[in-house]
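Reading through the structure tokens given below for one structure.
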Ligand SMILES: *Cc1c(COP(=O)(O)O)cnc(C)c1O
């Protein structure tokens, strides 16, 4: 690959498909994905002291936790990245907001510039990349290829827009994202942003990106034109570590407001698609956070629920378009990082599973591996009907309007409680603002169908939450039309830009 990449053989990162590889955080971030499709994973994660973290602000805590992941930045460089990412972009100085919700806690992760939780990581990733490029004196342009089921795209476009030396190419499945999500992406202002609607679903978009990464002759061609390819999807380790921070931050806040005592275990329920957010929770646990149970919440695309219950991952099933589109995924990339843990870091075994997945669309864990998977995760499914019922009953009982992704999590939490009677304090991750999915939300709470704009105003009437600035701005913008491409056209689109 690139000259600067092979030089540095030390580091705390290896690949899930070849554990002989040793590399640094900055190389892993720049490369995005490892040779032959493997994902970069940290080799060692040492437990952190909760007492030390307890008194820190969100930004200070981010620096302390990122230090555990970043093996080749100075502390000052990490601090700079954090400052640039979080100082002005979120509507709350502590990035996230924690509120009680009935007997649980709602962790609001959607106060960033695009009103979805992905901002938390995608405001930082560009800073990591710039710092890493600077460190390695990389002069080439970086092309970020991003597949999105709706929210990553806009968050990546916002995070990277107008960043020197970086171009962003974003692919989303045509007609399978919400109108607001599409308009958010198509109206991005940056000079370096390019958005395409693909004839296919999210998995097709993700496969297109992976194919281009794995095409070595195409990569060489790019390098000949002074272009490096990288990824802003959660296959990039730089996407995952920023998400570990809010698990710790929430825990510390709950200790400080006396909901729990230091050392108590808590649960997290995570509405899951690509398995990135919940994997960050698992890494938090490895870093010493007292987590009793991580609960994986799926929508009708319940491939993960079946996997966690049976040990067989089978993507050969119908794809459902749901009202929680950011979770409409059949190939959850980050599962591979957990498989690596399950099979005691045996990269040959991971490769075997992933080859099976490519060839047959399915793979099965061995009994020992399944036991580990089941120990770490519980999983439940909520379909659209259950999701709407939950939005409705949550509004009736608590006056809170939650978005469909959050509602999937809340519904799965109830199922977990019914099944286990577990009384451990539980945090529900709220991954998007309800204003991002207004039509379905209003359908659920009022039983009427409104246009997006009317629905936004109707939510405003019924909610104490303000309309996020970015969504308010969309209302007045003219309609925009997608640039539709076929599944074999990504290379052409990259080549077009090179001229
Ligand atoms: C991306 C997304 C998810 C799924 O997160 P993963 O890390 O892919 O599992 C859930 N909810 C919303 C609103 C999202 O944008």
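Some points to look at:
- Ellipsoid semi-axes in whole angstrom, largest first, where each is sqrt(5λ) of the Cα gyration tensor of segment 348-499: 35, 31, 12
- Shape of segment 282-430, Cα gyration tensor, a/c cut at 1.5: oblate
- Over segment 146-241, equivalent-ellipsoid semi-axes from the Cα gyration tensor in Å: 21, 16, 13
- Once the gyration tensor of the Cα atoms in segment 256-324 is diagonalised, the equivalent ellipsoid follows with semi-axes of 29, 13, 9 Å, ordered largest first.
- Convex hull volume per residue for segment 420-484, taking Cα atoms only, in Å³: 180
- Based on the convex hull around the alpha carbon atoms, the chain presents an average projected area of 21.1 nm².
- Stretching residue 94 away from residue 54 to a fully extended chain increases their span by 13.0 nm, per 0.36 nm per residue minus the current alpha-carbon distance.
- Proportion of all alpha-carbon pairs of segment 361-446 beyond 14 Å (%): 69
- Segment 216-246 and segment 103-123: distance between their alpha carbon centers, rounded to Å: 23
- Cα gyration tensor shape for segment 86-220, rounded if a/c is under 1.5, else prolate or oblate: oblate
- Relative contact order (percent, whole number), segment 200-278, Cα cutoff 8 Å, 6+ residue spacing: 18
- Debye-sum result for segment 109-177 in log10 I(q)/I(0), which assumes one identical scatterer on each alpha carbon, at q = 0.15, 0.19, 0.21, 0.29 Å⁻¹: -0.50, -0.74, -0.87, -1.28
- Column: log10 I(q)/I(0), Debye, Cα scatterers of segment 41-148, q = 0.13, 0.14 Å⁻¹: -0.60, -0.69
Just so you know, all these numbers are worked out from the coordinates, no wet-lab data involved. Note that the structure is a prediction, hence the values are computed from the model and not measured.
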